[in-house]
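Q: Below: one structure in structure tokens.
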Amino acid sequence: MKRKDFVKTISLSAAAAVFPISNSFSKELLEPKSNNQKSGVTITKLETFVFRNATFVRIECSEGIAGWGEADHDYPKLTAAVIEEICKPIIIGKDPFDSEYLWHQMMFKGEDAGSTGLLPGAIAGVDNALWDLKGKLLNLPVHKISGGFNIDKVRVYGSFGRGDNPKTRKGPDAMAKTAMEFVAQGYKTIKARMQIRQLNIDPDPDDTFEVIKAIRKAVGDEIEIFVDYNNGFTAAKAITLTKKLVEHFNIASIEEPVTYHNYEALRQVVEAIDIPVMAGEHEFNRWQMRDLITIGKADFINADLIKCGGFSECRKVAYMAHAFDRYIMTHNTRPTLATAASLQLIASIPNAARVQEYAGARPEMGLSNLFENQIEFSDGYLNIPQIPGLGLIVNEKEMLRTRLN
């Protein structure tokens, strides 16, 4: 069945549900079909593409059309192995439009592999690829088939970090220089990631104050500054430091002030300071997100579409957060299919934050050549992709030529 015929069949089925059935063809369309034949499309092939810092998934269907998704970028070889061993046998031969059923099959049949970390990160790649495939089959962008919210562009903040390597870790002057580079590109909001981590909690000495001081001096008073502590402090230290940064440099928000999953400590910080607190990049499913919202009381939820189970799971998280008047500010530092999926989610939910994370083109990652088009950035905004699927066209020859597996 060609895509044109497939779309025609779907349309006729909808029409037959509204108008009286007067012929055998309409009756046949509405006749319950067994197993995977509900749409007439089946998944025929799944491949993983491993790179040094990325994992991609390609899913092909009986129509000869392929969808692409991005999985978690940490431990690409292990992530690809989980996809191949757990996810692939579940989805081959199935209907891609049964993506909810397939998601739950992958999660609960594979849960002994861990409901956080590798498994949801692997499922994310498969789920995102299924949404890309569905969009291409229906000739619509994902936000339209998910339910668009009349959003065509979104303001983004420039996100940059100090680095984890002590030998190359950026000091105050280098961070200020990077901040100015983002401002020069049109960003009105920036986020400085301290990248302290819980293995170095409450560092001594700690130059966070000096870093933000240098950044504020460089960018001036009109630029909004977020600060990501990257799980670097105990609650008491985070509260004291944040109050100083607000008083002296008027920072607008902080992110992950304490060790992740310590929701009681996070709540202490939220209740003690007068600016919003962001968290969520280390929550991998809706159940952790539930606790982050109800116990940790985070103001903004940083759902990550390549870690937290993909588009399907993050969409559920978004609507759960909406019930608690919480905003979704996606965690997104990769200008690849991860950004494309994030933008499709943002354009289809009612509680997307007014500004979203973006780390720029990041040529140092060496992944831009894998795509024939790029996410469109202009004057501090990203345009929501409008082509069918997630919105990036994969250079399949380059994917095949350069992958590590």
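Q: Using 0.36 nm times the number of residues separating T44 and K217, minus their current alpha carbon distance, what extension gain do you get? All intermediate terms of the calculation are to be shown ahead of the outcome.
A: On the way: separation 173, 0.36 × 173 = 62.28 nm, distance 5.68 nm.
Roughly 56.6 nm would be gained on extension.
Q: Distance between the C-alpha centers of region 123-180 and region 267-289? Whole Å please.
A: About 20 Å separates the Cα centre of region 123-180 from the one of region 267-289.
Q: Also: Report the label-to-label distance for E376 and L199 in nanometres (one decimal), using points 7 Å from each Cα along the Cα→Cβ vector.
A: That separation, rounded to one decimal, is 4.3 nm.
Q: OK, next. Give the lysines whose C-alpha is closer than 18 Å to that of K397, dropping any in the same chain fewer than 8 places away, or say none.
A: Cα-Cα hits under 18 Å: K45.
Q: Right, something else. Relative to a virtual label point 7 Å from the Cα of D173 in the Cα→beta-carbon direction, which members of region 218-236 show backbone nitrogen distances below 19 Å?
A: 218-220
Q: Let me ask something else about it. Taking Cα atoms, how many degrees apart are the long axis of helix 337-346 and the longest axis of the chain, rounded to 10 and kept between 0 and 90?
A: The two axes meet at around 90 degrees.
Q: Going toward the positive end of the dipole of region 203-359, with +1 on Lys and Arg Cβ and -1 on Asp and Glu Cβ, which of N230, I215, T242 do you reach last?
A: Working it through, the farthest residue towards the positive pole turns out to be N230.
Q: Moving on to the next point. So if we plug the beta-carbon distance of D152 and S368 into 1/(1 + (r/R0)^6) with R0 = 25 Å, what FRET efficiency do we get, rounded to 0.05?
A: On the way: r = 24 Å, r/R0 = 0.94.
Working from the Cβ atoms, E equals 0.60.
Q: Based on alpha-carbon centroids, what's the gap between region 317-361 and region 46-86 in Å, whole number please?
A: 22
Q: Would you order T259, T55, T242 from fewest to most other beta-carbon atoms within 10 Å of each residue's own beta-carbon? Could you put the intermediate results ahead of the total?
A: Numbers: T259 18, T55 29, T242 24.
Starting with the residue having the fewest Cβ neighbours, the order is T259, T242, T55.
Q: By a straight-distance test (C-alpha under 28 Å), which lysines pair with K188 as possible cross-link partners, with residues fewer than eight away in the same chain excluded?
A: Within the straight-line cut-off, K188 pairs with K153, K170, K177, K213, K217, K243, K244, K297, K307.
Q: Viscosity 1.002 mPa s, temperature 20 °C: Stokes-Einstein D of region 43-140 from its Kirkwood Cα radius, in µm² per second? Don't jump to the answer; show the numbers that get you there.
A: Working: Rh = 12.9 Å.
Reported coefficient: 166 µm²/s.
Q: Let me ask something additional. Kindly express, to the nearest 10 degrees and within the range 0 to 90, the angle between helix 310-323's C-alpha long axis and the longest C-alpha principal axis of the chain.
A: Between the helix axis and the principal axis of the chain, the angle is about 60 degrees.
Q: Something else now. Against the longest alpha carbon principal axis of the chain, how many degrees, from 0 to 90 and to the nearest 10, is the axis of helix 172-184 turned?
A: So the inclination is approximately 50 degrees.
Q: In what sequence do I273, I151 fall when counting other Cβ within 10 Å, fewest first?
A: Values: I273 20, I151 15.
Least to most surrounded, the residues fall as I151, I273.
Q: Between D112 and N139, what is the spin-label point distance in nm, taking each point 7 Å from the Cα along the Cα→C-beta axis?
A: Each label point is offset 7 Å from its Cα along the Cβ direction, giving 4.7 nm.
Rule-based calculations on the coordinates, nothing more; no lab input. For clarity, every value in this text was computed on a predicted model and none was experimentally measured. Heads up, the Cβs are rebuilt from the backbone with ideal geometry, glycines too, and the neighbour counts pull from every protein chain shown.
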